[in-house]
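Heads up, the thing below is written out as structure tokens.
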Amino acid sequence: MATTAALLTLTLITAFFSATAPAAAFSPSPTPPQNTSLIAAILSSLGFQDLAAAAVAANLSGGTPTTIFAPTDSSLLTCPTCSLPLLLQEHSLPGLYPLHFLRTLAFGTKIASLAANRCLTVTASAGPTASRKVFINGVEITKPDLFNNGFHIVHALQGFVAHLSPLSCAVEAMTTLSFTQKPPPPVAAFFIMRLMLKDAMTRLRISGYSTVALAMRVRYAELSGLKSMTLFAIDDESIFLDGGGGGPGGGGHAYVADLGFHVVPNRLLMAADLIGLPKGTALPTMERGRKLVVTSAGDGGPLAPTRINYVKVKRFDLVHNKRIVVHGLSMPFRHVDQ
């Protein structure tokens with residue numbers, strides 16, 4: 001009888017501890033943490049402090065493969081009205097896109113970002129695949145694969161991509177997606193420029209530069225005769241601010257009439273080209289007898305901005321394709337004597 005009672009007691013004790021013991025041996029295999037601290041920590045360690053804070057505010061999960069095109073804190077200073085949490089989502093892609101893969105994409109490939117109904121456009125320079133420069137909405141990747149742990153990739157950008165349009169995934173008819181990787185024969189150069197103008201005008205319209213697009217439309221016949229061009233543009237909000245500073249009468253109409261003074265004909269001056277110009281460099285414009293002068297040479301940063309005719313270039317490579325590059329200004333140009 002005593003033996004039976006002892007056995008029963010032992011059985012109850014065993015059952016009690018079995019029920020309360022942790023089931024560590026039966027836990028599933030570990031998965032990447034589903035929290036924002038991981039991406040925030042990665043961005044912070046790379047020096048992107050503003051984006052790190054935005055990752056927490058945007059509740060950006062670190063538990064899924066993500067590619068981030070990261071603008072520097074200094075470049076974000078030029079957009080005080082930007083929503084950084086939204087901007088970070090627009091600069092992030094679900095999935096892994098290392099540089100060697102981005103270089104193989106067709107010119108103008110659109111990829112859906114983490115922001116709903118917003119797409120980034122990937123383009124690349126000409127030449128061998130292994131040496132191509134890659135651009136995200138016209139902004140160059142200057143430090144590719146800055147971080148890659150096989151689950152997250154971070155590429156550093158030269159600037160930043162402005163807030164994307166709701167049409168960024170849908171505009172197809174006149175964007176760079178319409179162009180093949182190999183250009184048509186040289187005899188069709190005139191028609192290539194016309195296509196490039198339509199592409200630039202479309203992208204400017206959906207980026208807040210509709211007045212500039214209108215000015216290009218007014219001067220379309222002259223512009224289409226150029227081999228290439230560098231255009232300095234003012235956004236719609238700034239162009240009408242205090243008359244736009246665009247000459248007599250001010251306003252958008254003055255900028256339209258004065259467009260030729262904001263165009264360097266037959267030269268494709270990308271950001272690196274402009275930054276490399278020494279102070280005092282004179283650039284011809286479409287207006288005979290009127291030139292643009294580099295009045296402040298710098299690296300484009302907030303402490304050493306590039307200035308043309310004393311006007312700061314606030315956004316480099318705003319829009320660009322094979323024949324046209326557009327840079328954003330803080331205000332229209334005025335005439336400067338050398």
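The values are calculated or read from the model by the stated rules, or taken from the named source; none is laboratory data. Predicted, not measured: the structure shown is a model, and the values here were computed from it. Note that each Cβ is placed from the backbone with ideal geometry, even for glycine, and that neighbours are counted across all protein chains shown. Just so you know, the surface numbers come from the protein's heavy atoms only, side chains and all, with ligands and any DNA or RNA stripped out. Shrake-Rupley method; radii C 1.70, N 1.55, O 1.52, S 1.80 Å.
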(request) Would you please put 111-119, 126-134 in order of how densely packed they are, using the mean number of other Cβ atoms within 10 angstrom per residue and starting with the highest? (result) 111-119, 126-134
(message) Using 25 Å as the Cα-Cα cut-off, could you pick out the over-long pairs in 198/279; 110/143; 291/312; 143/198; 143/279; 198/312?
(response) 198/279; 143/198; 143/279; 198/312
(request) At 0.36 nm per residue, minus the direct Cα-Cα distance, what do residue 217 and residue 257 gain on full extension? Give it in nm, one decimal, please. (result) 13.2 nm
(request) Only Cα pairs under 8 Å and at least 6 apart count here; give the relative contact order of region 99-162 as a rounded whole percent. (result) 23
(request) Return the whole-Å distance between the Cα centroid of region 217-232 and the Cα centroid of region 259-318. (result) 17
(message) Could you work out how much longer the chain between residue 149 and residue 56 gets when fully extended? Use 0.36 nm per residue separation minus the Cα distance between them, nm to one decimal.
(response) 31.5 nm
(request) Could I have the simple spin-label model distance between residue 44 and residue 304, label points 7 Å from Cα toward Cβ, reported in nm to one decimal? (result) 3.1
(message) Please compute the modelled spin-label separation between residue 268 and residue 126, points set 7 Å along Cα→Cβ, answer in nm with one decimal.
(response) 0.6
(message) If I model a spin label as a point 7 Å beyond the Cα along the Cα-Cβ vector, how far apart are those points for residue 81 and residue 105 in nm?
(response) 2.8
(request) Find how much the distance from residue 96 to residue 112 grows on full extension, using 0.36 nm per residue of separation minus their present alpha carbon separation; answer in nm with one decimal. (result) 4.5 nm
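Sorting check: for 88-94, 270-276, which peptide has the highest mean count of neighbouring beta carbons within 10 Å, and how do the rest follow?
The peptides rank, most packed first, as 88-94, 270-276.
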(request) With a 1.4 Å probe and every protein chain kept in, tell me what percent of the accessible surface of region 123-167 is carbon plus sulfur. (result) 59
(request) List, in order, the whole-Hz ³J(HN,Hα) value for each residue of region 256-263 obtained from phi through the Karplus relation with A = 6.51, B = -1.76, C = 1.60 and θ = phi - 60°; use x for Gly and Pro. (result) 4, 5, 9, 4, x, 6, 9, 10
